[in-house]
Amino acid sequence: MKKFIGNDWDQILDPIFESDKYRQLHEFIKHEYSTKVIYPDMYHIYTAFKLTPFYKTKVVILGQDPYHNPQQATGMSFSVNPGVALPPSLRNIYKELHNDVGAKIVNHGYLKKWADQGVLLLNAVLTVPYGKANGHQGKGWEFVTDQAIKSLSDRGGVVFILWGKFAQNKIPLIDVNKNFILKSAHPSPLSASYGFFGSHPFSKCNELLKKLGKSPIDWQLPESVAPNDVV
């Protein structure tokens, strides 16, 4: 069994990692990193999976692909490294978070605290070339991340938070009899005012977790991030 991740996701995704399709993806990604600037750095491709093991995952927040500018991408959807200016979508997420559950808005965008509690911050595509949003879309990552979504759906008891059309296109992968879906407009400035603001995803998620007999998420992020808490 290949051990790309280092927890139970390796076993869950082993049929994918052993496939010819993944080997082709692996060779493509190796070539991309050797010839271009790719984000996140190669050691953070699987950070979301590493921080949130399969059997600990109780919420999925699905993004499209990593941020494509320097210093931003962390390997977690919507999250940016400490010290990096907040992207517009994350600013809007923080506004809704404050209005929804009263969480104080912090001046960093590092979302590891959510991941540590069982929120899988998953991008559908795990790498991106510098300056080229969606540059690795359709190159094979969806083969991996769709299987992750299906595996969680089959296990059941997961709240899937799907913002925008791209994320909602994954609904056919999810068994709605065994899981919950929260969907709304995307938090980007272009669409946040058309259904994201006022959607209350954080409080609704916690209510659903309680129905599932699971502990709610403490959405309040720390005011600062200690250097030893950055992975």
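The values are calculated or read from the model by the stated rules, or taken from the named source; none is laboratory data. Given the structure is predicted, the values throughout are model-derived calculations rather than measurements. In this analysis, Cβ positions are derived from the backbone assuming ideal geometry, glycine residues included, and neighbour counts consider all displayed protein chains. The area values use the complete protein model at the heavy-atom level, side chains included, leaving out ligands, DNA and RNA. Shrake-Rupley method; radii C 1.70, N 1.55, O 1.52, S 1.80 Å.
Residues that are at pLDDT below 95, under 30 Å from Gly83 (Cα atoms) and in a helix (DSSP H, G or I): does the range 196-216 have at least one? No: the range 196-216 contains no residue that is at pLDDT below 95, under 30 Å from Gly83 (Cα atoms) and in a helix (DSSP H, G or I). For the range 192-214, the tally of residues that are among the polar types (S, T, N, Q) and closer than 18 Å to Leu111 by Cβ stands at 2. Could we say that Lys165 is more than 13 Å from the chain's Cα centre (by Cα) and not in a helix (DSSP H, G or I) here? No. Of all residues in the range 147-158, those that are more than 9 Å from Leu173 (Cβ to Cβ) have Cβ atoms under 6 Å from Cβ atoms of residues that are part of a loop (DSSP other than H, G, I, E, B) and of a type in the set (A, V, I, L, M, F, W, C), 6 or more apart or on another chain, in Leu152/Val158; Gly157/Leu212. In the set Lys132, Lys165, only one residue is modelled with pLDDT under 95, open to solvent by 60 Å² or more (accessible area, probe 1.4 Å) and over 16 Å from Phe78 (Cβ atoms); that residue is Lys165.
For (1) open to solvent by 10 Å² or more (accessible area, probe 1.4 Å); (2) among the small types (Gly, Ala, Ser); (3) farther than 19 Å from Leu152 by Cβ; (4) free of Cβ contacts under 8 Å to residues at least 12 places away in the same chain, each residue gets a yes or a no:
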{"position": "His31", "(1), (2), (3), (4)": "yes, no, yes, yes"}
{"position": "Thr47", "(1), (2), (3), (4)": "no, no, no, no"}
{"position": "Ser89", "(1), (2), (3), (4)": "yes, yes, yes, no"}
{"position": "Glu96", "(1), (2), (3), (4)": "no, no, yes, no"}
{"position": "Asn99", "(1), (2), (3), (4)": "yes, no, yes, no"}
{"position": "Gly118", "(1), (2), (3), (4)": "no, yes, no, no"}
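Take Leu120 and tell me if it is in a strand (DSSP E or B) and of a type outside the set (Lys, Arg). Considered against the rule, which asks whether it is in a strand (DSSP E or B) and of a type outside the set (Lys, Arg), Leu120 comes out as yes.
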